[in-house]
Amino acid sequence: MKKIGIIICGRYQACGGGKCLRAVRERVGGFARYPKGEPVEVVGYSYCGGCPGGNVEYVPEEMKKNGAEVIHLATGLVVGYPPCPRIRQFKEFIETRYGLPVVVGTHPIPLKYLEVHRKLPFWETMRMAELAGDLMEEDRAVMEAYN
Ligand code: SF4
């Protein structure tokens, strides 16, 4: 059993989490790292609090108390226009302060977002391939299914 917490971007704070929960079930995107035979439980789901992300300072504590072993920063931080400029800082902070590994990515990148980002410089300047490798390696047909 793997227990995870998910933190989404404040721009999508009203999101119902459908794509993330589907991706947990289908073991794709940031969740492809967990074997299908291993149950994954989402023990926390919240948002960053809006720019500059003040809730990231506190919300992992509640997730950890509820058993979280890994924190996932949602795909919305990667695919927004522009992407969240603080992904690296969030990851470093949570890993240092709470001792929990942070994975960048939840559901697969919807193909329509990938196609626009390929024409933009953001991901390259942020070295997103290094930061969100699981998402970048996803199968194209899976990305299309998450449009
Ligand atoms: S861009 Fe980053 S800091 Fe701003 S709302 Fe989104 S996740 Fe939070």
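Any read-out appearing in this document is the output of simple, stated calculations on the displayed coordinates, not a laboratory observation. Here the structure is a predicted model, which means the values were calculated and not measured. Counting neighbours? That spans all protein chains shown, and the Cβs are built from the backbone with ideal geometry, glycine included.
Each residue in the stretch 104-147 was checked for being part of a loop (DSSP other than H, G, I, E, B) and either in contact with a helix residue (DSSP H, G or I) (Cβ under 7 Å, 6 or more places away or on another chain) or within 28 Å of F93 (Cα to Cα) (or both), and 15 of them qualify. Of all residues in the stretch 75-97, those satisfying the criterion of being within 8 Å of the chain's Cα centre (by Cα) and within 8 Å of the ligand (Cβ to nearest atom) are G76, L77. Residues in the stretch 1-56 that are part of a loop (DSSP other than H, G, I, E, B), surrounded by 15 or more Cβ atoms within 10 Å (Cβ to Cβ), more than 13 Å from the chain's Cα centre (by Cα) and within 16 Å of the ligand (Cβ to nearest atom): 3 in all.
Taken over the stretch 106-130, the criterion of being within 13 Å of the ligand (Cβ to nearest atom) and crowded, with 17+ Cβ neighbours inside 10 Å is satisfied by T106, M126. Pairs are defined by a Cβ separation below 6 Å, a sequence spacing of at least 6 or placement on different chains, a first member in the stretch 49-78 that is under 22 Å from G18 (Cα atoms), and a second member that is within 16 Å of the ligand (Cβ to nearest atom) and among the hydroxyl-bearing types (S, T, Y); the pairs so defined are V59/S46; H72/T106; A74/T106; T75/T106; G76/Y12.
Has the stretch 75-85 got any residue that is closer than 22 Å to E41 by Cβ, among the β-branched types (V, I, T) and touching a Pro at 6+ places or on another chain (Cβ under 8 Å)? Among the residues of the stretch 75-85, at least one is closer than 22 Å to E41 by Cβ, among the β-branched types (V, I, T) and touching a Pro at 6+ places or on another chain (Cβ under 8 Å), which makes the answer yes. Which ones in the stretch 102-125 are touching a residue at least 60 places away in the same chain (Cβ under 8 Å), aliphatic (A, V, I, L, M) and in contact with a strand residue (DSSP E or B) (Cβ under 7 Å, 6 or more places away or on another chain)? Correct list: V103, V104.
For the stretch 57-72, what are the residues that are within 12 Å of the ligand (Cβ to nearest atom) and more than 12 Å from L100 (Cβ to Cβ)? Of everything in the stretch 57-72, just one residue is within 12 Å of the ligand (Cβ to nearest atom) and more than 12 Å from L100 (Cβ to Cβ), namely E57.
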